[in-house]
Amino acid sequence: MSFVEIESLVKRFGEEVAVAGIDLNIEKGEFVTLLGPSGCGKTTTLRCIAGLERPDTGEIRIEGEVLASREKDIYLTPEDRNLGMVFQSYAVWPHMTVFDNVSFGLKIRRVGAVETKEKTTKALDLVGLAHLADRFATKLSGGQRQRVALARAIVYGPRVVLFDEPLSNLDAKLREQMRIELVRLQHEVGITSIYVTHDQTEALVMSDRVVVMDKGVIQQIGDPEAIYARPANSFVANFIGAANLLEGKFLGREGELGDIEIPAGESRPPIRLKAPGAEGAAAGQRVILSLRPEDVGLHLEAPAAPGPNLLEGEIIDTVYQGNFLDCQVRVGPHEVGVQMDHFEQLAPGQGVYLTFEPDHGLLLTE
Ligand code: ATP
């Protein structure tokens, strides 16, 4: 039995299917992120766990206790689920001090004064706000308010903390800092966390496991490394870090590597490339080569020993990005993005050669 179990969860709003049958198990102490574009159903999934939405079908359990089940006609209120919640809007009460904001959850649970003081102080210590306990919430910065919200969510020892895009109102620098702090805190307290975001970097940096969603369906579940290096399909490859997706025909396999043929334009023979993946593919089948811009080498002269993967193209455009250069290269009917960490003088229309190690590409079947 897993700590959190979500089974065949479906939630509709009229004709709209927000969550189309989700199965997910989360272990105690895990930090799991639901990641996907706007409208993919991640917030609705979280709200079903929180008890803010009633699932149409399926079941949600924590520690084996059924929180929601249409079939069994069980639906616990949010208060009865003992979960912590941190949302995008800080929802910090301005007319109360930091201490009163954080201790509120204990008060409504009728915890005694001594224990309230002890637990509130501990929660404030954990988020680094003990020195501001008596300050009114209006006198706090955005990051400090978010810390209050966090302390408030953990103070009564909830079984799970649910986060809905908690950092999206903060500026970029503070967001990065808070990511690190949240992970540190999560490790320190060991609290099971379910986190919703549309920001792939945030998901990859913070999570033990990432659940990539699209159109109400889970596309892939895996640790950040697996999601990044071995995306299950072209949606995941594209959503996690802007991959090049080149469509072609599967020719066959030699050991670990598959051969793909991609069209190179009308008067040119197709280009043959090698990469691992597409294990079940049959010869002649349509496959997609996923290739990250940072894994493509760009050469001004034809390389002497190019390896098995060589593409000829011409520069469309280059964009200076500070510590790297983004190039768009036309290869027949395709546009290939290349990210370079060194700077060349490149002009639109200039001929270039692209190479990549077979292991840096990945063949996908969908
Ligand atoms: P976002 O990041 O924009 O919040 P999301 O991935 O969290 O997106 P949801 O908010 O779960 O997506 O929404 C999934 C789908 O369900 C969307 O098409 C949305 O319009 C619809 N939806 C969500 N809540 C409601 C509601 N209360 N009434 C009607 N439709 C809703």
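Could you tell me the distance between the Cα centroids of segment 170-230 and segment 308-331, to the nearest Å?
30 Å
Between rounded, prolate and oblate, where does segment 193-290 land on the alpha carbon gyration tensor, with a ≥ b ≥ c its root eigenvalues, rounded for a/c under 1.5, else prolate if a/b exceeds b/c? Don't jump to the answer; show the numbers that get you there.
Numbers: a/c = 2.76, a/b = 2.20, b/c = 1.25.
Taking the square roots of the gyration eigenvalues as a ≥ b ≥ c, segment 193-290 is prolate.
To the nearest whole percent, what portion of all C-alpha pairs in segment 42-191 is separated by more than 22 angstrom? The partial results should precede the final answer.
Values: 4829 of 11175 pairs.
In whole percent, the long-distance tail amounts to 43.
Hey, with R₀ at 30 Å, roughly what FRET efficiency would Glu266 and Gln345 work out to, going by the Cβ-Cβ distance, to 0.05?
Values: r = 31 Å, r/R0 = 1.02.
Efficiency for this residue pair is about 0.45.
Quick one: 3J(HN,Hα) in Hz for segment 257-272, Karplus 6.51/-1.76/1.60 with θ = phi - 60°, rounded, Gly and Pro as x.
Running phi through 6.51 cos²θ - 1.76 cosθ + 1.60 with θ = phi - 60° gives 9, x, 9, 10, 10, 10, x, 10, x, 4, 8, 10, x, x, 9, 9 Hz.
For segment 233-288, what does the alpha-carbon gyration tensor say about shape, rounded, prolate or oblate, given a ≥ b ≥ c as the root eigenvalues, a/c under 1.5 as rounded, and a/b over b/c as prolate? If you can, show how the numbers build up before the last one.
On the way: a/c = 2.08, a/b = 1.15, b/c = 1.81.
It is oblate, given that a/c is not under 1.5 and a/b is not larger than b/c.
Can you find, among Ala347, Gly29, Ala50, the residue farthest towards the positive end of the dipole of the chain? Put +1 on the C-beta of Lys and Arg, -1 on that of Asp and Glu.
Going by the Cα projections, it comes out as Ala50.
Quick one: dipole size for segment 65-125, taken about the Cα centre, charges +1 on Lys/Arg Cβ and -1 on Asp/Glu Cβ, in debye to the nearest 20.
Numbers: 9 positive and 9 negative charges, 23 e Å.
That gives a dipole near 120 debye.
Which value, in debye to the nearest 20, describes the size of the charge dipole of the chain about its Cα centre when Lys and Arg Cβ atoms bear +1, Asp and Glu Cβ atoms bear -1, and nothing else is charged?
Working: 37 positive and 53 negative charges, 332 e Å.
Dipole of the chain, to the nearest 20 debye: 1600 debye.
What would the Debye formula give as log10 I(q)/I(0) at q = 0.08, 0.12, 0.13 Å⁻¹ for the alpha-carbon point model of the chain, no solvent?
-0.53, -0.95, -1.03
Under 29 Å Cα-Cα from Lys274, which lysines qualify once same-chain neighbours fewer than 8 residues away are excluded?
By straight Cα distance, Lys274 reaches Lys249.
Report relative contact order for the chain in percent, whole number only (criteria: Cα-Cα under 8 Å, sequence separation at least 6).
Computed over the chain, the figure is 15 percent.
Enumerate the residues in segment 33-75 having an amide nitrogen under 17 Å from the point lying 7 Å beyond the Cα of Ser8 toward its Cβ.
55-61, 66-74
For segment 279-366, list log₁₀ I(q)/I(0) at each q in 0.13, 0.15, 0.16 Å⁻¹, using the Debye formula over Cα point scatterers of equal strength and ignoring solvent, two decimals each.
Relative scattering, expressed as log10 I(q)/I(0), comes to -0.45, -0.59, -0.66.
What share of Cα pairs, in percent, lie more than 13 angstrom apart in segment 154-206?
On the way: 829 of 1378 pairs.
In whole percent, the share of Cα-Cα pairs in segment 154-206 beyond 13 Å is 60.
Quickly estimate the mean residue ellipticity at 222 nm for the chain, helices only: each DSSP H run with n ≥ 4 gives -39500 (n - 2.57), and the total goes over all residues, rounded to 500.
Details: 9 runs with 87 residues, N = 366.
That calculation yields -7000 deg cm²/dmol at 222 nm.
Rank the residues Asp214, Asp326 as a footprinting-exposure proxy: fewest other Cβ atoms within 10 Å of their Cβ go first. It would help to have the intermediate numbers written out before the result.
Details: Asp214 19, Asp326 15.
Taking fewest neighbouring Cβ atoms as first place, the list is Asp326, Asp214.
What residue among Met85, Phe99, Phe250 has its Cα farthest toward the positive end of the dipole of the chain, where the charges are +1 on Lys, Arg and -1 on Asp, Glu, each on the Cβ?
My answer, from the dipole projection, is Phe99.
Please name whichever of Ala281, Pro303, Ile271 sits farthest to the positive end of the charge dipole of segment 266-307, dipole taken about the Cα centre and charges placed at Cβ: Lys and Arg +1, Asp and Glu -1.
Ala281
Could you compute the FRET efficiency for Ser168 and Arg230, with r as their C-beta to C-beta distance and R0 at 25 Å, rounded to 0.05?
Values: r = 28 Å, r/R0 = 1.12.
For Ser168 and Arg230, the calculated efficiency is 0.35.
GluC sites (Glu not before Pro) within segment 218-302: which are DSSP loop residues with at most 15 other Cβ atoms inside 10 Å? List each step's numbers first, then the result.
On the way: sites: Glu225, Glu247, Glu254, Glu256, Glu261, Glu266, Glu279, Glu294, Glu301; in loops: Glu256, Glu266, Glu279, Glu301.
Qualifying residues, ordered by number: Glu256, Glu266, Glu279, Glu301.
With a bin width of 5 angstrom, please list the P(r) values of segment 23-119 as percents of all Cα-Cα pairs, from the 0 bin to the one holding the largest distance.
2, 10, 17, 19, 17, 16, 11, 6, 2, 0
Only the coordinates and a few stated rules stand behind these numbers; no lab work does. Computed from a predicted structure; not experimentally measured. Here Cβ is always computed from backbone atoms with ideal geometry, including for glycine, and neighbour counts include all displayed protein chains.
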